Amino acid sequence: MKVKSTVYKGIEYVQVSALPKDQMEKLLQTINRELFIKILIDDKLVSNCIQFKDYETWFDHVYGLEVIPARKTKKEKDREVESVDR
């Protein structure tokens with residue numbers, strides 16, 4: 001499930017450490033490190049954040065695909081048919 005974003009001075013973001021453990025681990029393994037941002041909140045630098053739009057894209061295109069079984073290509077299907085015919 002997607003987490004809710006936090007908004008500070010118009011910046012919509014999620015802090016990676018606040019994600020569910022499975023999402024945090026997968027995100028750290030797969031996302032481009034250049035997407036990480038730091039936000040200065042009340043004189044405190046909050047790091048390990050990504051913009052919510054980047055989190056949503058990652059969730060839909062990387063994390064979300066894990067729960068959907070991969071479809072076989074035509075080539076893979078053809079190989080299965082060939083092996084049964086032999």
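Residue pairs whose Cβ atoms lie under 9 Å apart, separated by 6 or more positions or on different chains, with the first residue in the range 1-19 and among the acidic types (Asp, Glu) and the second surrounded by 14 or more Cβ atoms within 10 Å (Cβ to Cβ) and at pLDDT 95 or above, are Glu12/Ser5; Glu12/Thr6; Glu12/Gln51; Glu12/Phe52.
Within the range 34-53, residues that are touching a residue at least 40 places away in the same chain (Cβ under 8 Å) have Cβ atoms under 9 Å from residues that are of a type in the set (Asp, Glu) in these pairs: Gln51/Glu12; Phe52/Glu12; Lys53/Glu12, counting only partners at least 6 apart in sequence or on another chain. Screening Tyr63 with (1) at pLDDT 95 or above; (2) in contact with a helix residue (DSSP H, G or I) (Cβ under 7 Å, 6 or more places away or on another chain) gives one miss only, at (1).
Within the option set Lys53, Lys44, being modelled with pLDDT of 95 or more, surrounded by 10 or more Cβ atoms within 10 Å (Cβ to Cβ) and not hydrophobic (A, V, I, L, M, F, W, C) holds for one residue only, Lys53.
The values are calculated or read from the model by the stated rules, or taken from the named source; none is laboratory data. None of these values were measured; they are calculated from a predicted model. Virtual Cβ from ideal backbone geometry, glycine too; neighbours counted across all protein chains shown.
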